[in-house]
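Computed from the coordinates by the stated procedures, all read-outs in this text should not be read as laboratory data. Source: prediction; values computed, not measured. Cβ placement follows ideal geometry from the backbone for every residue including glycine, while neighbour counts extend to all protein chains displayed.
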Amino acid sequence: MKKRLKAAFLDYATLGPGVDTAPLDELVQVEYYDYSAADEIPLRLQDADIGIVNKARIDAETMQANRQLKLIVLAATGSDNVDVATARARGVAVANIRDYCTPAVVQHVFALILALTRQLNGYQAMVNAGAWQRSNTFALFDYPIRELTGKALGIVGYGTLGRGVADVGRAFGMEVLICTRPGGNGGIYAEPRIPFESLLEQADVLSLHCPLTESNRHLLGKRELASMKSDALLINTARGALIDSAALVAALKRGEIAGAGIDVLAEEPPTDEELLLAADIPNLILTPHIAWSAKESRQRTLDQVAENVKDYLAGGKLRRLA
């Protein structure tokens, strides 16, 4: 009987509770670790043929210390926590997962948009404070409410998530505007696109769905936020470092934009020094990286990890990065 390969899932707790691991357990012998500190990772991979990580880092030194590694599977799409170039050079296969949380993220984007345009936080606070009970009219009008119909939805990053947001935006009657790659040299696209600078000026709602690179870090800073409409909303469910936090805080306090819905920060979990954690920022909804985290999405994460392992064992190259 062929010996089963061993796997170490180094940060299993990042998948949250209630995930069924049976699809993976049927394939390989898995050791699950809730979290792994950097100095624990080389030792925990010592007997593993397969390393499974979400945010835990597998660098060149770790691979050097664990020459028996055959496969690294990312329980995420982004691969910046794995030295893919070194893995490729060493013949270690690397696979990621894709399109596993699109429904959840799209729904969270519009939860943020609707909460901001319908002023849910402000009106809930008024009801809690007794303002409705004391009112002379049947409705309160303290916070302006706007419809989405006819508004311009600007999208930065038109992959699966960007397209999903665009589809729902059109269902709301929004005009969808897509920009060319910021900082790029144009290109040929299947759909009309406008320059990033024009998108900033035209969008009533700007939603970010692009990966973080060194060229787009702080893509939205003081100058970019100042060029947006004063009644525009900014939504970020992509990567926190796409936005300069200090510039966003200043823009919200000065009323340069009308509001922001932020689900990601540059450092997670954040430290107390994160400026967006301040309690006095107007029209900001900050959620703790939960856009992706519906139970269905988390189960698809595990299922795709298992699919990648199964395909590797069969000699395939499903979702391979190296």
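Taking the listed residues Pro192, Pro182, the one that is more than 19 Å from Ala260 (Cα to Cα) and without any contact (Cβ under 8 Å) to a residue 24 or more places away in the chain is Pro192, with no other qualifying.
Do any strands (runs of 3 or more DSSP E) lying entirely in segment 1-87 carry at least 1 residues that are of a type outside the set (Gly, Ala, Ser) and within 19 Å of Glu267 (Cα to Cα), and which ones are they? Spell out the reasoning first.
Working: elements: 6-9, 29-32, 50-53, 71-74.
Filter on segment 1-87 gives 50-53.
If you go through segment 93-101 one residue at a time, do you hit one that is surrounded by 15 or more Cβ atoms within 10 Å (Cβ to Cβ) and farther than 21 Å from Gly159 by Cα? Yes.
For segment 51-79, filtering for residues that are of a type in the set (Lys, Arg), out of contact with any Asp or Glu (no Cβ under 6 Å at 6 or more places or on another chain) and either more than 19 Å from Tyr35 (Cα to Cα) or crowded, with 24+ Cβ neighbours inside 10 Å (or both) leaves 1.
Per the listing Leu148, Leu219, Leu140, the residue uniquely touching a Pro at 6+ places or on another chain (Cβ under 7 Å) and aliphatic (A, V, I, L, M) is Leu219.
Where residues in segment 131-168 are surrounded by fewer than 13 Cβ atoms within 10 Å (Cβ to Cβ) and aromatic (Phe, Trp, Tyr), which of them is farthest from Leu200 (Cα to Cα)? Per the criteria, the residue is Phe138.
Residues of segment 293-322 that are in contact with a Gly (Cβ under 8 Å, 6 or more places away or on another chain) and either buried (at least 20 other Cβ atoms within 10 Å of the Cβ) or small (Gly, Ala, Ser) (or both): Ser293, Arg298.
Could you list, in sequence order, the residues of segment 244-289 that are surrounded by fewer than 14 Cβ atoms within 10 Å (Cβ to Cβ) and among the β-branched types (Val, Ile, Thr)? The one that is surrounded by fewer than 14 Cβ atoms within 10 Å (Cβ to Cβ) and among the β-branched types (Val, Ile, Thr): Thr271. Within segment 122-142, not a single residue is over 30 Å from Ile194 (Cα atoms) and touching a residue at least 24 places away in the same chain (Cβ under 8 Å). A search for C-beta distances below 8 Å between a residue of segment 264-283 that is more than 15 Å from Ala246 (Cβ to Cβ) and any residue that is of a type in the set (Lys, Arg) and buried (at least 16 other Cβ atoms within 10 Å of the Cβ), counting only pairs 6+ apart in sequence or on different chains, returns Val264/Arg239.
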